[in-house]
1. Suppose each label sits 7 Å from its Cα in the direction of the beta carbon; what would the residue 275-residue 159 distance come out to in nanometres?
2. Given H placed 1.01 Å from N in the peptide plane, which residues other than close sequence neighbours of residue 163 have an amide H under 5 Å from its amide H?
3. At residue 53 and residue 236, where each label point lies 7 Å from the Cα along Cα→Cβ, what is the point-to-point distance in nanometres?
4. Determine the share of the chain's accessible area contributed by carbon and sulfur atoms, expressed in whole percent, with a 1.4 angstrom probe.
5. Once phi is turned into ³J(HN,Hα) by the Karplus curve 6.51 cos²θ - 1.76 cosθ + 1.60 with θ = phi - 60°, what whole-Hz value does each residue of segment 65-71 show in order, with x for glycine and proline?
6. Compute the separation of the alpha-carbon centres of segment 93-142 and segment 216-290 and state it in Å as a whole number.
7. Filter the cross-link list 49/255; 49/123; 123/155; 120/279; 49/260 down to pairs whose alpha-carbon distance in this structure exceeds 23 Å.
8. Tell me the label-point distance for the pair residue 218, residue 134, using the 7 Å Cα-to-Cβ offset, in nm and rounded to one decimal.
Amino acid sequence: MITRRNFIINSTLATTAVLALPSLAFTMDKKEIGLQLYTLREELSKDVKSTLKQVAAAGFTTVETYGFSIKDQFWGLTPIEFKKILDANKLKAISGHYNLGSFLYDGNTTELIAAIEAAKILKSEFLTIPWIDEPFRKSIQDYKNIAVRLNEAAKMCQKTGLKLAYHNHDFEFQKHDGVTGYEILLKETDKDLVYFELDLYWVVRSGNDPLKLFTANQDRFKLWHVKDMDKINPALNTEIGSGSIDFKNIFAAAKKAGMKHFFVEQENNYKPDFFESVKTSHDFISKNLI
């Protein structure tokens, strides 16, 4: 029989354990598991409604969009139409990857403004920049120029209630006169305006340690891409928990990183198929990481 005295004692012990282990507090609190929709790009191009229904059925509650353009919107759907499908499946588009046309290179804001409008309709929290074209990332000055544009875009986002994030690949970790592009972006952007979406696969693939990045740049990495690396061929992805990346230690450092949301992503090597792969990843995270 559970008495009031036993209940109070047990509750006190549980509270003490949480205070003693910050990572445990994180695990008990974090419920949402997100999916970067690029993972299912082949399915989305065929049938958006059916695909999102299966995303929700797999247990995901948040998503990150990709592929928006002024011409085609979201796979031929307007942001309003797409939002209705998300709502019908109880999915929240916390973030979206938006290519901003030539804004990063010449300051043309046409596509940036359209992206902000779309993100607001979806009630997103973050607008995330996924890529820098190769000709514009060849030197320290190139990255300094990009940092200026990121600060400008972040101010525009802030005025509408959005936050700006930058998503990495591996090229940002190439050195230019002894300094990496990523170091320049972290240093030259306003830490109160520009956030970073850390793609854990690309960090590891580039030969770097996410934990060292967390220590050196605490609270900057509000978003993560959780993408595993095949044990035999590192150029391939695999389902979370099946690869070589030590996600348990990485998730234990989530508070130091500042992580608020994360998204499963897999770009290739699906076993046995798209939907079984994302379900496997979801279930491993649910049971082992949060």
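The values are calculated or read from the model by the stated rules, or taken from the named source; none is laboratory data. Given the structure is predicted, the values throughout are model-derived calculations rather than measurements. We place every Cβ from the backbone using ideal geometry, glycine too, and count neighbours over all the protein chains shown. Note: areas computed on protein heavy atoms with side chains; ligands, DNA, RNA excluded. Shrake-Rupley method; radii C 1.70, N 1.55, O 1.52, S 1.80 Å.
1. Rounded to a tenth, the inter-label distance reads 4.4 nm.
2. Amide H to amide H, under 5 Å and 5 or more residues apart or across chains, residue 163 pairs with 126, 127.
3. Calculated label separation equals 3.2 nm.
4. Details: 7410 of 14040 Å².
Its accessible area is 53 percent carbon and sulfur atoms.
5. Working through the residues one at a time gives 7, 7, x, 5, 9, 4, 6 Hz.
6. 24 Å
7. Values: 49/255 35 Å; 49/123 19 Å; 123/155 18 Å; 120/279 29 Å; 49/260 27 Å.
Among 49/255; 49/123; 123/155; 120/279; 49/260, the Cα-Cα distance tops 23 Å for 49/255; 120/279; 49/260.
8. According to this spin-label approximation, the distance is 4.0 nm.
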